[in-house]
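Written out below as structure tokens is the structure these notes cover.
The values are calculated or read from the model by the stated rules, or taken from the named source; none is laboratory data. These figures come from a predicted structure and were not determined experimentally. Virtual Cβ from ideal backbone geometry, glycine too; neighbours counted across all protein chains shown.
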Amino acid sequence: MLLRSMLCRPGITRLGVRPLSTQTAGRRSSALGRASRVLGATTALTLATGTALYYTNEDCRHVAVAVQRCGTAGWVGARVALDYKQTLSKQYADDDEFKAAKKECHLRCANRVLQALQSLGGIYIKLGQHVSAMVYILPPEWTETMAILQDRCDPTPQKDVEELFRTDYGEPIEAIFDYFDWQPIGVASLAQVHRARLRSDQAYDQQERWVAVKLQHPALDEFCKIDMETVTFIFDVIKKVFPEFGFDWLTAEMRESLPRELDFVHEARNAKLVEQNFASDIAHAQTALRVPKIIWARRRILCMEFIEGARIDDIKYMEEHNIDPSQVSSELTRIFSKMIFLHGFVHCDPHPGNVIVRPAKDPKKSKYNFDLVLIDHGLYRDLTDQMRVDYAHLWTSLIQGDVEGIKTYAKRVGGTDTYQLFACIMTGRAWETVQTADLSSARSDAELDRMSSGALDMLMDLSDILGRLPRVVLLLLKTNDLLRHVDEVLRTSPDEHLTYVIMGRYCAKAVWLDARHQLVRQIRDLGFRWALFKRLAEVWWQYYSLAVLLWLYQFGSTTWAVRWLTGKQHQQQTKTIAHV
């Protein structure tokens, strides 16, 4: 009451201050007017100065753009996190309504992220490409939305390309090439490729002056580091909002891979090494693999042999050139099976844009009427011998549905006891399918729906496994997914299981070569012993009998061979080899 009466007294305001006199109010109003004009002038001057600095001072422009990029990424990350939190915390009438709400949320968030990635470019595009490759791990709303990023990227302007040549090569473009097509024939997240013709004084071979010139986007040097820090921060924040979100391994993998992918000298070395690994097969016409010849390399510019052809998923192109897509798929499986299980040096980004198919350049020296040209050699991984052999054991167990073998080698390869989920991640199949040795069967709509709808429900276990896997295994999983997708696009024959038969032959060979090496070493160290020699003969027979069965199965196998291959005798043979 006392406070109310005071506030009602004349001359007292609700803030306890007497009203100003008219004269005082006038002076105050005049002062405020002057302050407003000064503030307006200061603001205008600041904006003008900031604008001038942005366009004339490189450091200021860099800071402004960096802040804008961080803000865009952070804002989208926050909106996605909030959308998921609101969607998952609501009450729903039944499971069908909940699943429908999740699908809508997936699609909304994926589209938001896609728009942000496209506007930011650079490593953000690369991040989206990683997401699009996780077809059997993430919901289709995410992977299908991000698939557009595999091909559609903005090119670097001509003036920036010219500046790149002057800074990295030390010469203008016209000093190196007498023709340079300014329209890129391909644009990816990290680089773009142009067709050009070397000047005669720059060419080592006058018959091969046409080249492909790969140029790194210059903006990557400027913003790659801060973009990587921003992505890491966003993933950390999302993980705090959702403790079950464990996909921070994705940023860790990008941190490791990006420096290698951004060094084209490193890429040139990889290309030469993979060509050496297949040199004997190429010389004896045992493979369709071809690798573009490297002319020269700088850190951000790579000049190589120009090869015409089409993407490996271009079915129409193959039909026009009488190339069998199923045969292409089988040969691609052989190439990568040999890389993984025998060489241990693996190209880890075989998406359709990185494999070119063309009619065989020299049909008389090839067993195929086509060549498969592998490009973009920036992302490779070396496998230790132990990892390579254990991985072969694991796939052998998966192909035959050997649960004990899967359990043993899932632990060795992935360090996980959750072998059932790990098997599903590796094969892209439901556990029931793996357990019954039925990987060769076509995926039913029910199986695909069950796996994709359960992806979010299994997120905690899934992210836990992926977060603890060795980085090289993560890339092998990505490689498997990409190859599986290509195979499903190309496989036109009814023999859908052929991929696993081909892979099984190389797995068996890797296991045999390792067992032979171990036994020969024991014989060398311990001297000739009948038991060791007998054991070597047994292992040899086990491998070759299995190899023959796989060969028969591949080339129109008989009924008894198929039954024996998938029966208990086959399981026992592989287990015996595995325990050597």
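Looking only at segment 322-332, how many residues end up being surrounded by 16 or more Cβ atoms within 10 Å (Cβ to Cβ), in a loop (DSSP other than H, G, I, E, B) and in contact with a Pro (Cβ under 9 Å, 6 or more places away or on another chain)?
Qualifying residue count for the region: 1.
Conditions: (1) in a loop (DSSP other than H, G, I, E, B); (2) at pLDDT below 85. ALA64 meets all but one. Number of the miss?
Status for ALA64: all satisfied but (1).
Only one of ASP236, ASP221, ASP227 is surrounded by 21 or more Cβ atoms within 10 Å (Cβ to Cβ), assigned to a helix (DSSP H, G or I) and charged (D, E, K, R). Can you tell me which?
Testing whether each residue is surrounded by 21 or more Cβ atoms within 10 Å (Cβ to Cβ), assigned to a helix (DSSP H, G or I) and charged (D, E, K, R) leaves just ASP227.
Being surrounded by 21 or more Cβ atoms within 10 Å (Cβ to Cβ), over 16 Å from VAL193 (Cβ atoms) and either at pLDDT 85 or above or among the charged types (D, E, K, R) (or both) is the filter here, so list the residues in segment 146-165 that pass it.
Passing the criteria: only MET146.
Answer yes or no as to whether GLN286 is at pLDDT 80 or above and not in a helix (DSSP H, G or I).
When the stated conditions are applied, GLN286 passes them.
Of the numbered conditions (1) closer than 22 Å to HIS485 by Cα; (2) without any contact (Cβ under 8 Å) to a residue 12 or more places away in the chain, GLU320 fails exactly one; give the number of that condition.
Looking at each condition in turn, GLU320 falls short on (1).
Please state which of the following conditions SER280 fails to meet, knowing it meets all the rest: (1) surrounded by fewer than 17 Cβ atoms within 10 Å (Cβ to Cβ); (2) polar (S, T, N, Q); (3) in a loop (DSSP other than H, G, I, E, B).
Condition not satisfied by SER280: (3).
Kindly establish whether ARG298 is more than 23 Å from LEU332 (Cβ to Cβ), in contact (Cβ under 8 Å) with a residue 40 or more places away in the chain and in contact with a helix residue (DSSP H, G or I) (Cβ under 6 Å, 6 or more places away or on another chain).
In short, yes.
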